[in-house]
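Taking it in order: structure first as structure tokens, then the write-up.
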Amino acid sequence: MSSIDRRLLVIGLDGGTFDVFRPLLQQGRMPNLSTLLQRGCWGELDSTIPPFTASAWSTFITGQNPGRHGVLSFQIRDRYNYDTVGTGFVNAERFDLTLWQILSDAGKQLSVVNVPMTYPPQAVNGHMITGMLTPSTEADFVYPPRLKSRLGQDYIIDVEFIRDGSSFRLRNFPSELEMLNAIRKMTAVRMRTLMRLWRDESPWDFAMVVFTGTDRLFHFFWPYVEAAVGNVNAVTKKQELDPVVMDGVCSYLAELDEAIGQLVQAAGPEATILLMSDHGFGPAQQWRVYLNVWLEQLGMLTRRSAQGMLDLEYLRVWVGRRPWLKALLRLLIPQQVQDSATDIAQASSVAIIDWEKTQAFLVPIYFQVCGIEINQKGLFRKGIVEPGEAYERLRDRIIQEARSIRNPNTGSPVVQRACRREELYTGRYVETFPDVILILDPNHLGAPSMAGRMLIESHPHPMRSGEHRQNGMFAVAGPDIEQHGELKHLRLLDVPPTILHEMGVAIPDSFDGCVMTALHSQAYLDAHPIQYQSVSAIPQRSAQNLSANEQALLEERLRGLGYL
Ligand SMILES: [Zn+2]
């Protein structure tokens, strides 16, 4: 086998982070991951902005920055009508050219299992089982279709943490132990299925599997994860930890390392192994920043007046700004009613805005990543800001003012980075993105509510205990990979072209990233020069929409996972 015909295995750990694994490695509790790191190169991997599953895996699949694939969230927004949340779901049909197609066209045999954003499955050279955002296992999520019956009855795409109706926060989740056992079982079944496919189907040149259990574990069990590794971050308050759940969390982490070992072994000594995550993880945000209230204080946003006695949203804001009344109502009103009121308020915070007197408003992107949209004439139903100079002056002022927001409780700056959208993204979708992007300190989240008493309030009861961070992880080892140990400044955007270079396939000019040349010796790079191809030669895919039923199933699952 010539080195250009290397087999490549990509192990994806959704939300995997050295902030969790480093202490475990130091304690000798992840021997297989440790071996992999010692054999090659590794380092933190800068995710996309936002550091979010949908955006990050879309960048992996297309080799493009979010400005070119257009995915900032799971959903598609109706910007013109002030939709800040989104309705229809994004899916893989939107991608003009995928890594899978490029590899298939180059004659490589593929095994692609559970990568998010792959539904509906593509007719690859090999097989594909789609991942997150697949409506259900009832859907056609396997290519070729004959393989579906081989997955087994217990194969699931994701855990189901469906909550009861519109109930909010931790109530009505399954028990912690049930949730944890579901995560462990999902990973075990995925491994069993994958090993069976590798044994029975044609040998692969490129294989990839993503484990989403890591993301689910870190979202819902963060205090346990911190305790399991010896407190990586002191921000999470100590809570009562159930020893049985604690054992289960430790077992899951050990099982994950065993799975890595099993995959590396099954791939064989000639294979290159690439392990990566889509974003990092840390404790849930402690502070909520009411950015619409901030815009109101700046005179850029105006609340409308009350529309009759039954204007619930108006009343909510009125009550929310009177803490004594809020406290009294909390005592008097049943929790169930309070929960549904919170749900309604989150969905309709834009309903309180007087669009004809508003220049700018918040579009939440992902917790610490926030968009500010300018109510521009022609682009919005009731736009008032003139394009050109007035628009730019407003953006300048928002950016300048954002940089001076401080958290009065801690004295520290709230905004890490404030910039125009075109400073972060390039491509045809940039003009559909919020005009200004604010990246908050990760201990803060941007909230749309207008009912905040102050600009910044503590966020004592997050729905999930862990949330995403910018720093994902990366590791690579193989016969041609140098043993350089830790590398700095690695970017998710550079992984797809690096994969194609490893596989000896020309990189399309639609890719935004660069090959990670630091992985190789100069002699190797001289013998294997980076090659490029023009994408115009590649045919476009046809579109397919989700049915109303599939849409509802997806919504239910994402709500259960705390994403909607
Ligand atoms: Zn993720």
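Across segment 1-87, the relative contact order, built from alpha-carbon pairs under 8 Å that are at least six residues apart, equals 14 percent. Here r is the Cβ-Cβ distance between L298 and Q262 and R0 is 45 Å; the resulting FRET efficiency, rounded to 0.05, is 0.20.
Karplus-derived 3J(HN,Hα) values for segment 104-114, using 6.51 cos²θ - 1.76 cosθ + 1.60 with θ = phi - 60°, are 4, 4, 7, x, 7, 8, 10, 10, 10, 10, 6 Hz; glycine and proline are entered as x.
Set Lys and Arg Cβ to +1 and Asp and Glu Cβ to -1, take the dipole of the chain about its Cα centre, and tell me which of N375, M454, T134 lies farthest positive. Result: M454, furthest along the dipole toward the positive end. With a simple spin-label model that places each label point 7 Å from the Cα along the Cα-to-Cβ direction, the separation between E486 and E556 comes to 4.7 nm. Amide H contacts of R469 (H built 1.01 Å from N, in plane; Pro and chain starts excluded): G280, F281, G282 sit under 5 Å, all sequence-distant by 5 or more or on other chains.
Please give me the summed charge of the neighbours of R192: other residues whose Cβ is under 14 Å from its Cβ, Lys and Arg +1, Asp and Glu -1. Don't skip to the answer; put the middle values down first.
Details: positive: R150, R184, K185, R190, R196, R199; negative: D154, D200, E255, E258.
Taking every other residue near R192 into account, the sum is +2.
Centre-to-centre separation between the Cα atoms of segment 1-78 and those of segment 353-422: 31 Å. Contact order, relative form, for the chain: 28 percent (alpha carbon pairs under 8 Å, 6 or more residues apart, mean separation divided by residue count). Kirkwood radius for the chain, taken over all pairs of different Cα atoms as the inverse mean of 1/r, rounds to 24.8 Å. Residues whose amide H falls under 5 Å from that of L45, counting only those 5 or more places apart or on a different chain, are G472, M473, F474, with hydrogens built in the peptide plane. Here's the picture: charge each Lys and Arg Cβ at +1 and each Asp and Glu Cβ at -1 in the chain, and of S73, W355, V115 the one pushed furthest to the positive end of that dipole is W355.
Summarising the amide proton neighbourhood of N407: residues at separation of 5 or more, or on other chains, whose placed amide H is nearer than 5 Å comprise S412, V414.
Rounded to whole numbers, the Karplus 3J(HN,Hα) couplings from phi for segment 240-257 are 4, 9, 6, x, 5, 5, 4, 4, x, 5, 4, 5, 4, 5, 5, 5, 5, 5 Hz, using 6.51 cos²θ - 1.76 cosθ + 1.60 with θ = phi - 60°, and x at Gly and Pro.
Explain nothing, just the number: relative contact order of segment 390-433, from Cα pairs under 8 Å at least 6 residues apart, as a whole percent. Before the final figure, lay out the partial values.
Working: 27 pairs, mean separation 12.1, N = 44.
For segment 390-433, the relative contact order is 27 percent.
Taking the chain as the region of interest, the number of lysine pairs whose Cα atoms are within less than 24 Å, with members eight or more places apart or on different chains, is 4. Converting phi to 3J(HN,Hα) with the Karplus coefficients 6.51, -1.76 and 1.60 and the offset θ = phi - 60°, segment 178-189 yields 4, 5, 5, 5, 5, 5, 5, 5, 4, 5, 5, 5 Hz in sequence order, with x at every glycine or proline.
The alpha carbons of segment 344-467 stretch over 41, 31, 26 Å along the principal axes, in descending order.
No value in this document is a laboratory result; all are computed from the given coordinates. Here the structure is a predicted model, which means the values were calculated and not measured. We place every Cβ from the backbone using ideal geometry, glycine too, and count neighbours over all the protein chains shown.
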